[in-house]
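What follows draws every value from the coordinates through simple rules; no lab data is involved. Just so we're clear, the structure is a prediction, and the values are computed from it rather than from any experiment. As a convention, Cβ positions derive from the backbone with ideal geometry for all residues, glycine included, and neighbour counts pool all protein chains shown.
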Amino acid sequence: MDPSPEIAGRIVLVPTPIGNLGDITLRALEILRAADRIACEDTRHSAPLLARHGISGKPLVALHEHNEARRAPELIAAARAGETIAVISDAGMPGISDPGYRLVQGCIETGTPFEVLPGPSAVITALIGSGLPCHAFRFGGFLSVKSGKRRSALAAALESGETAIFFESPHRILSTLEILAGLNPAARTCVARELTKKFETYHRGTAAELLGYFQAHPPKGEMVLLVHAAEARETPTSGGG
Ligand code: SAM
């Protein structure tokens, strides 16, 4: 349903920094300052970011994976009644392994105006920094805790011929690299750690090399795993041509 011109309010999805608190756009700050309320994944987590930019005393409401289905209609009703509601997650782009999808779906279904601001995400930052082909890529979210499902996700990624991006926890990365190296030890692999933070590191190599490295240096911090198996195709530098 198209947004109704009579509705004065709106929902705005606002990306926030993934580590470096300076990574917030002017427009994001404008919206956060102007919003009637801010829906946060975790209000305690977001308070320091808001305080750093002089945003205080604003009503904050929790919107997380456990209450999004119930809370989305309430926020949509408030936007339809005229409120501007900013939506932020703990870090990065709302909706990317974070709450946001149901809210956008609800806005579309009810014809409620919404906007998405561009901004930081660990997915795109890791992709570009990995040096792996970025003209075609797939994002698989968090890899499963179950090793069988991880194996099938990685096997499909290797077969795709595209760069595949996954979120992985430091507790499972070794076991995931073992699976990956078992499937294709030569697969081009990158583990992007602590992006935009003081100890940001890109570990690049084959799956077997990274497995060996992390066996000797147990990994820490937030991380993104990227893998690419096919021969690099000709890489267009810009669209078309
Ligand atoms: N919505 C976020 C985004 O757009 O980047 C992702 C949220 S998801 C719940 C959190 C996962 O993203 C982490 O477990 C990690 O895999 C990845 N991540 C987030 N920030 C990161 C960082 N600074 N460095 C590396 N990985 C990060």
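Quick notes
- Under 5 Å, built H, 5+ apart or other chain: amide partners of E168: M223, L225
- Model label sites at R52 and R33, defined 7 Å from Cα along the beta-carbon direction, differ in position by 1.7 nm.
- For a straight C-alpha distance cut-off of 16 angstrom, no lysines are reachable from K149 once same-chain residues fewer than eight places away are disregarded.
- Estimated [θ] at 222 nm from DSSP helical runs (n ≥ 4, -39500 (n - 2.57)) normalised by residues in the chain, nearest 500: -10500 deg cm²/dmol
- Hydrodynamic estimate: the Kirkwood radius of the chain over Cα pairs, inserted into Stokes-Einstein at 37 °C and 0.692 mPa s, corresponds to D of 169 µm²/s.
- Local electrostatic count, S144, Cβ distance below 14 Å [Lys/Arg +1, Asp/Glu -1]: +4
- Normalising the Debye intensity of the stretch 10-116 to I(0), with uniform scatterers on Cα atoms only, and taking log10 at q = 0.10, 0.15, 0.21, 0.22 Å⁻¹ returns -0.23, -0.53, -1.09, -1.20.
- Look at where the Cα atoms of the stretch 89-107 and of the stretch 1-60 average out, and the two centres are 13 Å apart.
- Taking amide H atoms as placed 1.01 Å from N in the peptide plane, the amide H of I11 lies under 5 Å from those of I85, F114, E115, each 5 or more residues away in sequence or on another chain.
- One equal scatterer on each Cα of the stretch 122-228, no solvent, Debye formula: the resulting log10 I(q)/I(0) at q = 0.11, 0.14, 0.21 Å⁻¹ is -0.27, -0.45, -1.10.
- Computed over the stretch 100-148, Cα set: Rg, Dmax in Å: 15.6, 42
- Nearby lysines by direct alpha-carbon distance to K197 (threshold 27 angstrom, same-chain neighbours under 8 apart not counted): K220
- Computed over the stretch 122-228: relative contact order in percent, which uses C-alpha pairs under 8 Å that are six or more apart: 34 percent
- Unit Cα scatterers, Debye sum, the stretch 111-176: log10 I(q)/I(0) for q = 0.13, 0.18, 0.22 Å⁻¹: -0.46, -0.76, -0.99
- The label-point distance for K197 and S4, in a model that sets each label 7 Å from Cα toward Cβ, rounds to 4.5 nm.
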